Amino acid sequence: MEIVDTREGYFFKLTGSKTFAVQGGNDEVVYCPFCYSQANLSDDKCGACGKNIPQVIYYHGEDDTWIASGNE
């Protein structure tokens, strides 16, 4: 599990078994949820930062953070 920083105007979208960031509801272009570089739906790993694309990103209310799971 890893903490994910959020950026204003981006949302997380589950596509198949991976979760990407999308900008302003435009689901046709996806981004790495860690570094926000443009990615492809077929990517398992970000070409820019090298992190695995996570399966799920969920909100952890106790400390107001977003957590990526399944990206080990």
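The values are calculated or read from the model by the stated rules, or taken from the named source; none is laboratory data. Computed from a prediction, not measured in an experiment: that's the story for all the values here. No Cβ is skipped: glycine too gets one built from the backbone with ideal geometry, and neighbour counts run over all protein chains shown. Only protein heavy atoms, including side chains, enter the accessible area calculation; ligands, DNA and RNA are left aside. Shrake-Rupley method; radii C 1.70, N 1.55, O 1.52, S 1.80 Å.
Things worth noting here:
- Scanning the range 10-23 for residues that are open to solvent by less than 60 Å² (accessible area, probe 1.4 Å) and touching a strand residue (DSSP E or B) at 6+ places or on another chain (Cβ under 6 Å) yields a count of 6.
- Candidate set from the range 40-59 (those that are among the small types (Gly, Ala, Ser) and over 12 Å from residue 15 (Cβ atoms)); member that is surrounded by the fewest Cβ atoms within 10 Å (Cβ to Cβ): 50
- Close pairs (8 angstrom Cβ cut-off, 6 or more residues apart or separate chains): free of Cβ contacts under 8 Å to residues at least 24 places away in the same chain and within 19 Å of residue 69 (Cβ to Cβ) in the range 3-31, part of a loop (DSSP other than H, G, I, E, B) and of a type in the set (Ser, Thr, Tyr) anywhere: 21/36; 31/37
- Failed criterion for residue 68 (all others in (1) crowded, with 17+ Cβ neighbours inside 10 Å; (2) of a type in the set (Gly, Ala, Ser); (3) at pLDDT below 90 hold): (3)
- Within the range 24-39, considering residues that are buried (at least 16 other Cβ atoms within 10 Å of the Cβ) and not aromatic (Phe, Trp, Tyr), the one nearest to residue 2 (Cα to Cα): 33
- Taking every residue in the range 53-72 that is in contact (Cβ under 8 Å) with a residue 24 or more places away in the chain and pairing it with any residue that is among the aromatic types (Phe, Trp, Tyr) and not in a strand (DSSP E or B), at least 6 positions away or on another chain, the pairs with Cβ-Cβ distances below 9 Å are 53/34; 54/34; 68/34; 71/34.
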